[in-house]
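Presented below is the structure to which this report refers.
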Amino acid sequence: MKKYKITTEPINNQDVIDSVVHQNAGAISVFIGTVREMTGQKQTKFLHYEAYVPMAEKQLERIGMEIQEKWPSAITAISHRIGTLQISDIAVAIAVSTPHRQDAFEASRYAIERIKEIVPIWKKEHYTDGEEWIGNQQGTKTYPAGHPEEVVK
Amino acid sequence: MMINILLFANLAQQAETEKVSIEVNSALSVKEVRTLLQQKVGKLTGIENALLAVNEEYVELTGQVKDGDTVAFIPPVSGG
């Protein structure tokens, strides 16, 4: 399976996990992001994700490379689904294998945080009372230089 | 020469298209492309907060664009 994938199909977590299995790994940390119904008082009916697919896959690969620089024995796989997703559907699955558990926990955390910074994927919330493109997770971030920190080579 | 422009999410929604082509006479900056784009499709609210990419790589606002390049305006991302 491709280690870095944007897909319109439902994600199979086991496929993502299988692609990081390694004889020298002592740990595999898995992060699964799912569609949440309630955000404060807002009730989500369903979500729509869109992506700039070729660039998004490149940026996922870049996250994998950043992880390998920080945790040299790590192997990373990330699948992100796009299209229409229902409550509790899997939006993203990340698996990282490392020789020791601490690195696997840290690297999988790093991967999801970095996805929210640099991977061109957008979420449109369809609430019970309207719809909205989500600008970023805090709703406050702007990029005066034209990009987040540390993305221009 | 021809520059291809890609828009996404709320920017595509405002422009009512995801793809725009513009004809220019010489190489130019992403900032100039941003101005020409809005002359063509109208003002795009929030485009100044978009990330910028040329041929699928992030660039600065001063990044240079040449014939055949694809410029993407990437609204703040919300994956995960």
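Against the definition (of a type in the set (Gly, Ala, Ser), open to solvent by 10 Å² or more (accessible area, probe 1.4 Å) and not in a helix (DSSP H, G or I)), how does residue A:79 come out, yes or no? Don't jump to the end; show me each part of the working.
On the way: of a type in the set (Gly, Ala, Ser): yes; open to solvent by 10 Å² or more (accessible area, probe 1.4 Å): no; not in a helix (DSSP H, G or I): yes.
Taking the combined requirement at face value, the residue does not satisfy it.
Scoring residue A:105 on the criteria (1) within 12 Å of chain B (Cβ to nearest Cβ); (2) part of a helix (DSSP H, G or I); (3) open to solvent by 30 Å² or more (accessible area, probe 1.4 Å) leaves a single failure, condition (1). Of all residues in region A:49-72, at least one satisfies being among the polar types (S, T, N, Q), under 11 Å from the mean Cα position of the chain (by Cα) and under 24 Å from residue B:11 (Cβ atoms).
Among the residues making up region B:3-19, those that are under 15 Å from residue B:55 (Cα atoms) and more than 11 Å from chain A (Cβ to nearest Cβ) are B:3, B:4, B:5, B:19. Of all residues in region A:82-101, those that are open to solvent by 30 Å² or more (accessible area, probe 1.4 Å) and either outside any helix (DSSP H, G or I) or free of Cβ contacts under 8 Å to residues at least 40 places away in the same chain (or both) total 8.
Let's see how each residue does on (1) more than 14 Å from chain B (Cβ to nearest Cβ); (2) open to solvent by 20 Å² or more (accessible area, probe 1.4 Å):
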site	(1), (2)
A:13	yes, yes
A:17	yes, yes
A:37	yes, yes
A:47	no, no
A:50	no, yes
A:56	no, no
A:61	no, yes
A:72	yes, yes
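Among the residues of region B:45-69, the one identified as touching a strand residue (DSSP E or B) at 6+ places or on another chain (Cβ under 6 Å), closer than 17 Å to residue A:60 by Cα and either in contact (Cβ under 8 Å) with a residue 40 or more places away in the chain or open to solvent by 20 Å² or more (accessible area, probe 1.4 Å) (or both) is B:55. Checked against the criteria, residue A:72 does not count as closer than 22 Å to residue A:120 by Cα, assigned to a loop (DSSP other than H, G, I, E, B) and of a type outside the set (Lys, Arg). The number of residues in region B:1-59 that are farther than 12 Å from residue B:70 by Cα, in a strand (DSSP E or B) and in contact with a helix residue (DSSP H, G or I) (Cβ under 9 Å, 6 or more places away or on another chain) comes to 2.
The values are calculated or read from the model by the stated rules, or taken from the named source; none is laboratory data. These numbers come from a predicted model, not from an experiment. Heads up, the Cβs are rebuilt from the backbone with ideal geometry, glycines too, and the neighbour counts pull from every protein chain shown. Surface accessibility is based on the protein's heavy atoms, side chains included, excluding ligands, DNA and RNA. Shrake-Rupley method; radii C 1.70, N 1.55, O 1.52, S 1.80 Å.
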